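Have a look at the structure below before the remarks.
Laboratory data are not the source of any read-out in this text; all were calculated from the coordinates shown. Since we're looking at a predicted model, the values are computed, not measured. Heads up, the Cβs are rebuilt from the backbone with ideal geometry, glycines too, and the neighbour counts pull from every protein chain shown.
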Amino acid sequence: MLAKAGFAIANGGYGGTMLAAAKGASNQKGEIIGVTCSAFKSSKANEFVTTEVVTESLDERLKKLLELGDAYVILPGGTGTLLELAMVWELKNKGFLNGEKPIILLERFWQPLVELIARDDPKASEYVEIASDPSQAVDCLVNAFRK
């Protein structure tokens, strides 16, 4: 859906939701940037990645993903995804990330976390938007870049 709307995608380049997003973008002839890490010696970028960026460490990988993004669509995930969300959210919360870079959380998976953070820092929840499905996430992005 992102590629069909004209967006390139950048993600970790491996399996799971990274693979699913890359496959979907590939079906639309989209650009897929896989930011991989040489520390994962036994892992290879998935077959749908059109450009692989190899980093030396997880820290470098995260920095490269943040650098590449004009927006961030966060899918349900594990601790790696949580780390990525925490980094981009905190940078935006503290004013270190361009205000025009939207953070869109897909589905209600992240809702409890947003509510928990809002108890301590209500303003922080203003920096993320929750999309109920992929179509709404794409609409959020299109609207954000239409401004």
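Run the numbers on the chain and let me know its relative contact order in percent, using alpha-carbon pairs under 8 Å that are six or more apart.
18 percent.
Just the number: Rg to Rh for the chain, Cα atoms, Kirkwood Rh, two decimals.
0.95
Against the globular-protein guess of 2.2 N^0.38 Å, express the Cα radius of gyration of the stretch 1-69 as a ratio, rounded to two decimals.
For the stretch 1-69, the normalised Cα radius of gyration comes out at 1.04.
Quote the relative contact order of the stretch 1-61 in percent (integer), defining contacts as alpha-carbon pairs under 8 Å separated by 6+ residues.
33
Obtain the nm distance between the two label points defined at R108 and E60 by a simple spin-label model: each point lies 7 Å from its Cα along the Cα-to-C-beta direction.
Rounded to a tenth, the inter-label distance reads 4.2 nm.
Who wins for biggest fluctuation among L105, L116, L75 in a Gaussian network model of the chain, springs between alpha carbons below 10 Å?
Of L105, L116, L75, the Gaussian network model singles out L116 as fluctuating most.
Compute and list, largest first, the equivalent-ellipsoid semi-axes of the stretch 70-147 from the alpha carbon gyration tensor, each √(5λ) rounded to a whole angstrom. Please list the in-between numbers first.
Numbers: eigenvalues 63, 49, 28 Å².
After diagonalising the Cα gyration tensor, the semi-axes are 18, 16, 12 Å.
Only four residue types carry charge here, +1 at the Cβ of Lys and Arg and -1 at the Cβ of Asp and Glu. Report the dipole size of the chain about the Cα centre in Debye, rounded to the nearest 20. Don't skip to the end; give the middle numbers.
Numbers: 16 positive and 19 negative charges, 49 e Å.
It works out to roughly 240 debye.
Within the stretch 93-129, find all residues whose amide N lies under 15 Å from a label point positioned 7 Å from the Cα of S135 along Cα-to-beta-carbon.
So the set is 107.
Mind checking which of E129, E67, E52 has the largest fluctuation in a GNM of the chain, springs on alpha carbons under 10 Å?
Sorting by GNM fluctuation, first place goes to E67.
Setting aside same-chain residues fewer than 8 positions from K94, which lysines have a Cα under 25 Å from its Cα?
Result set, ordered by chain and number: K63, K64, K123, K147.
When we measure straight from the Cα of K92, which aspartates and glutamates land under 12 angstrom away, once same-chain ones fewer than 8 places off are left out?
E100, E126
Tell me the label-point distance for the pair V142, K4, using the 7 Å Cα-to-Cβ offset, in nm and rounded to one decimal.
In this crude spin-label approximation the distance works out to 1.0 nm.
List the lysines whose alpha-carbon lies under 22 Å from that of K29, not counting same-chain residues fewer than 8 positions away?
Answer for K29, where 22 Å is the Cα cut-off: K4, K44, listed by chain and number.
Stretch T79-Q28 to full length: gain in nm at 0.36 nm per residue minus the Cα-Cα span?
Contour length minus the Cα-Cα distance gives 15.4 nm.
Per residue of the chain, what 222 nm ellipticity follows from adding -39500 (n - 2.57) for every DSSP H run with n ≥ 4, rounded to the nearest 500?
Theoretical 222 nm ellipticity from helices: -12500 deg cm²/dmol.
Let's see if you can work this out: charge +1 on each Lys and Arg Cβ, -1 on each Asp and Glu Cβ, no other charges. What is the dipole magnitude of the stretch 70-147 about its Cα centre, in debye to the nearest 20?
Rounded to the nearest 20 debye, it is 180 debye.
Identify which of K23, K41, K92 has the largest mean-square fluctuation in a Gaussian network model of the chain, with springs joining Cα atoms closer than 10 Å.
Comparing K23, K41, K92 in a Gaussian network model of the chain, the most mobile one is K41.
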